[in-house]
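**Q** One structure follows; several queries about it will come next.
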Amino acid sequence: MALANIAINLASVGSNFPSSIDKLKNSSIKAQINLRVSRNSLVKAVQSSSVESDTGKWARKRRPQNVDGDFFVDHTCIDCDTCRWMAPQVFTRVGEMSVVYKQPTSSEDRLKALQALLSCPTSSIRTEVPPPDILEAQETFLIPVDEKKLPGVYHCGYHSEKSYGAASYLIIHPGGNILIDSPRFTEKLAKDIETMGGVRYLFLTHKDDVADHAKWATRFSCDRILHSEDVEICTADVEMKLEGNGPWSLGDDIMLVHAPGHTEGTVCLLYKPLKILFTGDHLMMTESGLSIAEMYNKYSVPKQVDSVQKLIQFDFDWIIPGHGRRIQFKDVQEKNTILEAFVREKYKQYSSSYK
């Protein structure tokens, strides 16, 4: 399919500032005050530098909850869950942060631990000695999500702290590849993506996970897609702004579904050939079960529940979120049953929000 033939169908288918400080009338008093402020600032700067240095050293030390051994997580962990779903054989959660609960004993487990180390948005996963096989681990990116069931769909790794460690994915598409949400920009990853055919579209599910979108757009001259309700100063120059309630089509096999709730402009991407729904922060599987992450909601929890209900009408049996674990349903019927039960429970929970 020629690139020129693929285009977004933009028509729907179906504070007070603090007051300024008064000027000092006495210039000698002003000079004395400036001198004292200058000296005090210098002392504070020296003290602050010392404290930050000590704090930084402590933060990078091994958390005591880690088991003995080479791999460990330090105190800078932001509890984004990346390592725990990428290498569950090695990492778990203790005290609202990740830890190593079992050192990798097989080559497969070690590779997954190294992939998690490279993907950690805050570089909080470390080793006691430099890993001699780190370059080999780098060469395994992009990581196939499931080579047999989902050919041509890859996890990019290299999560960004700017998006709180959200995952991004690449769909290899005959009409031009689609990057879903922005990973941390590294030239190594960019070259890997380039060998796969580059990027035609950078689809941004919502405003939280845009990360290094501008660098990726510059590197690949790709068109960025974001709903207009989620456009902010940092994304004001995105090439394609979705308007209205959708859905919108991206070629014949991709549908963009408006799912307001987490943010006003959240949009999911439905890849029809493989029946995958990329949900961003709209719907995910966490360690405790199916979730809409209410505590991080930035618009309306009741509307987010409504948007989950809307998803039941679509044909998919995979959910691939930005945060949390992927979900594979046995079939569409199982998907519908689970989502219907989830929505019913949420409606009961938030019934006071409805008239």
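Residues checked against (1) among the charged types (D, E, K, R); (2) closer than 17 Å to Ala59 by Cα; (3) more than 21 Å from the chain's Cα centre (by Cα); (4) assigned to a helix (DSSP H, G or I):
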{"position": "Thr76", "(1), (2), (3), (4)": "no, yes, no, no"}
{"position": "Arg93", "(1), (2), (3), (4)": "yes, no, no, no"}
{"position": "Ser98", "(1), (2), (3), (4)": "no, yes, no, no"}
{"position": "Pro104", "(1), (2), (3), (4)": "no, no, yes, no"}
{"position": "Asp109", "(1), (2), (3), (4)": "yes, no, yes, yes"}
{"position": "Lys112", "(1), (2), (3), (4)": "yes, no, no, yes"}
{"position": "Gln115", "(1), (2), (3), (4)": "no, no, no, yes"}
{"position": "Pro121", "(1), (2), (3), (4)": "no, yes, no, no"}
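**Q** Restricting to the range 324-355, what's the tally of residues that are open to solvent by 30 Å² or more (accessible area, probe 1.4 Å) and either among the charged types (D, E, K, R) or in contact with a helix residue (DSSP H, G or I) (Cβ under 9 Å, 6 or more places away or on another chain) (or both)? Give the derivation first.
**A** Of the range 324-355, the ones open to solvent by 30 Å² or more (accessible area, probe 1.4 Å) are 325-326, 328, 330-334, 336-338, 340-341, 344-345, 347-355.
Checking which are either among the charged types (D, E, K, R) or in contact with a helix residue (DSSP H, G or I) (Cβ under 9 Å, 6 or more places away or on another chain) (or both) leaves us with 325-326, 330-331, 334, 340, 344-345, 347-350, 353-355.
So the answer is 15.
**Q** Among the residues of the range 282-289, is there at least one that is surrounded by fewer than 18 Cβ atoms within 10 Å (Cβ to Cβ) and modelled with pLDDT of 95 or more? Break it down stepwise before answering.
**A** Kept after step one, since they are surrounded by fewer than 18 Cβ atoms within 10 Å (Cβ to Cβ), are these residues of the range 282-289: 285-289.
Going one step further and asking which of them are modelled with pLDDT of 95 or more, we end up with none.
So far as the range 282-289 goes, no, none of its residues is surrounded by fewer than 18 Cβ atoms within 10 Å (Cβ to Cβ) and modelled with pLDDT of 95 or more.
**Q** Now for a separate question. Is it true that Asp315 is open to solvent by 10 Å² or more (accessible area, probe 1.4 Å) and modelled with pLDDT of 95 or more? Walk me through it before giving the result.
**A** Working: open to solvent by 10 Å² or more (accessible area, probe 1.4 Å): yes; modelled with pLDDT of 95 or more: yes.
The answer is yes for Asp315.
Quick grid of which residues meet (1) of a type in the set (Gly, Ala, Ser); (2) under 20 Å from Ser168 (Cα atoms):
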residue	(1), (2)
Gly69	yes, no
Phe72	no, no
Pro88	no, yes
Phe91	no, no
Ser98	yes, no
Ser106	yes, no
Lys112	no, yes
Gln115	no, yes
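**Q** Quick check: is even one residue across the range 319-330 aromatic (Phe, Trp, Tyr) and closer than 22 Å to Ser182 by Cα? Lay out the reasoning, then the answer.
**A** Here is the first cut: in the range 319-330, the residues aromatic (Phe, Trp, Tyr) are 329.
Next cut, closer than 22 Å to Ser182 by Cα only: none.
Scanning the range 319-330 turns up no residue that is aromatic (Phe, Trp, Tyr) and closer than 22 Å to Ser182 by Cα.
**Q** Are any residues in the range 130-160 of a type in the set (A, V, I, L, M) and over 15 Å from Arg326 (Cβ atoms), and if so, which ones?
**A** Of everything in the range 130-160, those that are of a type in the set (A, V, I, L, M) and over 15 Å from Arg326 (Cβ atoms) turn out to be Ile134, Leu135, Ala137, Leu142.
**Q** Another question, then. Is it the case that Arg110 is outside the structural domain of Phe203 (by the TED database), of a type outside the set (A, V, I, L, M) and open to solvent by 30 Å² or more (accessible area, probe 1.4 Å)?
**A** So Arg110 passes the test.
**Q** Something else about it: Just for the range 58-100: of the residues that are open to solvent by less than 20 Å² (accessible area, probe 1.4 Å) and of a type in the set (Gly, Ala, Ser), which one is nearest to Gly165 (Cα to Cα)?
**A** My answer is Ser98.
**Q** Still on this structure, I have one more. Kindly establish whether Gln115 is under 15 Å from Thr186 (Cβ atoms) and touching a Lys or Arg at 6+ places or on another chain (Cβ under 7 Å).
**A** Values: under 15 Å from Thr186 (Cβ atoms): yes; touching a Lys or Arg at 6+ places or on another chain (Cβ under 7 Å): no.
For Gln115, the condition - under 15 Å from Thr186 (Cβ atoms) and touching a Lys or Arg at 6+ places or on another chain (Cβ under 7 Å) - is not met.
**Q** Would you check if Leu189 is more than 21 Å from Phe91 (Cα to Cα) and touching a Gly at 6+ places or on another chain (Cβ under 8 Å)? Before you say what the answer is, go through the steps one by one.
**A** Values: more than 21 Å from Phe91 (Cα to Cα): yes; touching a Gly at 6+ places or on another chain (Cβ under 8 Å): yes.
When the stated conditions are applied, Leu189 passes them.
**Q** Quick one: which residue in Gly165, Gly246, Gly176, Gly198 is at pLDDT below 95 and not in a helix (DSSP H, G or I)? Working first, answer last.
**A** Numbers: Gly165 fails: at pLDDT below 95; Gly176 fails: at pLDDT below 95; Gly198 fails: at pLDDT below 95.
Residue meeting the stated conditions: Gly246.
**Q** Based on what the data block shows, is Ile254 open to solvent by 30 Å² or more (accessible area, probe 1.4 Å) and either touching an Asp or Glu at 6+ places or on another chain (Cβ under 6 Å) or modelled with pLDDT of 95 or more (or both)?
**A** no
The values are calculated or read from the model by the stated rules, or taken from the named source; none is laboratory data. The model shown is predicted, which means the values in this text are computed figures rather than measured ones. As a convention, Cβ positions derive from the backbone with ideal geometry for all residues, glycine included, and neighbour counts pool all protein chains shown. Just the protein is used for accessible areas: all its heavy atoms, side chains included, with ligands, DNA and RNA removed. Shrake-Rupley method; radii C 1.70, N 1.55, O 1.52, S 1.80 Å.
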